[in-house]
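Worksheet for the structure shown next.
Rule-based calculations on the coordinates, nothing more; no lab input. Because the structure is a prediction, the values reported are computed rather than measured. Here Cβ is always computed from backbone atoms with ideal geometry, including for glycine, and neighbour counts include all displayed protein chains.
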Amino acid sequence: MLKKIRYLLFLTIGIFIFNWVYKFFAGPESIILILENKFKLFYVVLAHLPTLFFDSVAWLAFMTKRRLSLINTFIITWIAQTSGKFFPTGNITGEFVRVYLAKKSGQKMIYASSTVLADLVVATFSLFLIGFLSLFYILSTTSNGLVNNGGIYFMLSLMLIFLACLVFFLIIRKRLISSFIKNFPKIFRFTFKRSTIFKFLRLDYSLFRLSFENVKIIKALFFRLLGWVAGAIEIYIFLIIIGVEATLLDVILIESVTSVIKSLAFFIPAGLGVQEFAFVFIGEFVGFSGIISFSIAMGRRLREILVGLPALLAWYLIFRNKISAFN
């Protein structure tokens, strides 16, 4: 009951923010602009395929034994990223889905969990890296515009992402999970079964070993960065559809800043309102009007729906065992 109330509260906050952005930044005009080009929007769906591909290959880079096929990894990533957009825990929900479907495809739980968590750490660091480079560029081209336009949210988000990367690193390299179990055994004995405690220890050791696989980490980081660039190209293609000129640097800034700001509001379902605010904030910085910026935000929402609905259907069919996508 408490979870439902919390979900509804955060959803209400998101709706309020969305409504404010919609009214303040010429939402109706943006919708009209999109509707005028509605028959070309399928290109945005096709443009998302490279992003899914690079994200899938990044996860695949951590797999050696019990390696999934590329198509299976692609389908799991597709479903997981969709699920992560409709729950208040955001990407974390998607990671649980990835673990579940990887296990369903034949991997052991510990192996699936360790590769997913390792990929999550790399994805978080890649977001920080591209966000930091974007911040450096913004600060080098303007003196106070970032702060005056609400950029404090971007810098705060970037700082929290860096702290998350640091915490992840310390937990894995210092084997803090094992240390905590050994130093406070009674807490775990009363909370978890003996078999579950062993799973925690094995997961901790598996992540520790993966943290020294430098080739895998670099390869995964490379493909994750390509995934961010591919996401930016999605925006570039959408701008072409609505007849707006932009540079690759413009869309990379838009993609990175919106992703960083949205990560701070992971508790709001699908980042509703926050994502739109982020698009308008950075869109105006690169020189787009409020109408164009909000159109980009609406274009991203439409892409999430058009890509996500088939993913949810596939997820349902897999749960119902009506298809065997992972044989």
#### Entry: Hits among aspartates and glutamates - C-alpha to C-alpha of Lys174 under 19 Å, sequence gap 8 or more where chains match
Asp119, Asp204, Glu213
### Task
State the Cα centre-to-centre distance between the range 269-302 and the range 1-80 in whole Å.
14
### Query
Three principal axis extents, largest first, for the C-alpha atoms of the range 232-327, in Å?
50, 30, 20
### In the range 189-293, GluC sites (Glu not before Pro) in a DSSP loop with at most 11 other beta-carbon atoms within 10 Å
Glu245
### Summary
Counting sequence-distant residues (5 or more places) and residues on other chains, those with an amide H built under 5 Å from that of Ala246 are none
### Query
Under a straight-distance cross-link criterion of Cα-Cα below 13 Å, which aspartates and glutamates are reachable from Lys103, leaving out those fewer than 8 residues away in the same chain?
Glu95
### Task
State the Kirkwood hydrodynamic radius of the range 162-292 in Å, one decimal place, computed from all pairs of distinct Cα atoms.
18.2
### Message
Suppose only helical runs count, i.e. DSSP H with n ≥ 4. What mean residue ellipticity at 222 nm does that imply for the chain under -39500 (n - 2.57) per run, divided by all residues and rounded to the nearest 500 deg cm²/dmol?
### Response
-26000 deg cm²/dmol
### Query
In this model, which of Lys85/Lys108; Lys4/Lys262; Lys65/Lys182; Lys65/Lys219; Lys108/Lys193 are farther than 24 Å apart at the alpha-carbon?
Lys85/Lys108; Lys65/Lys182
### Query
Helices from the chain with mean Kyte-Doolittle at least 0.5 and a Cα length along the axis of 18 Å or more, per DSSP H: which?
2-24, 70-83, 109-141, 152-173, 214-241, 248-264, 290-319
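Taking trypsin sites (Lys or Arg not before Pro) that fall in a DSSP loop and have at most 10 other Cβ atoms within 10 Å as cut points, what is the longest piece of the chain between them?
Between exposed loop sites, the widest span is 66-192.
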### Query
Put +1 on the Cβ of each Lys and Arg and -1 on the Cβ of each Asp and Glu in the chain; which of Tyr316, Ala164, Ile291 then has its Cα farthest toward the positive end of the dipole?
Tyr316
### Query
What distance in nm separates the simple spin-label points at Val215 and Tyr7, each placed 7 Å from Cα in the Cβ direction?
4.5
### Query
At 25 °C and 0.890 mPa s, what whole-number value in µm²/s does Stokes-Einstein give for the translational diffusion of the chain, with Rh from the Kirkwood sum over Cα pairs?
117
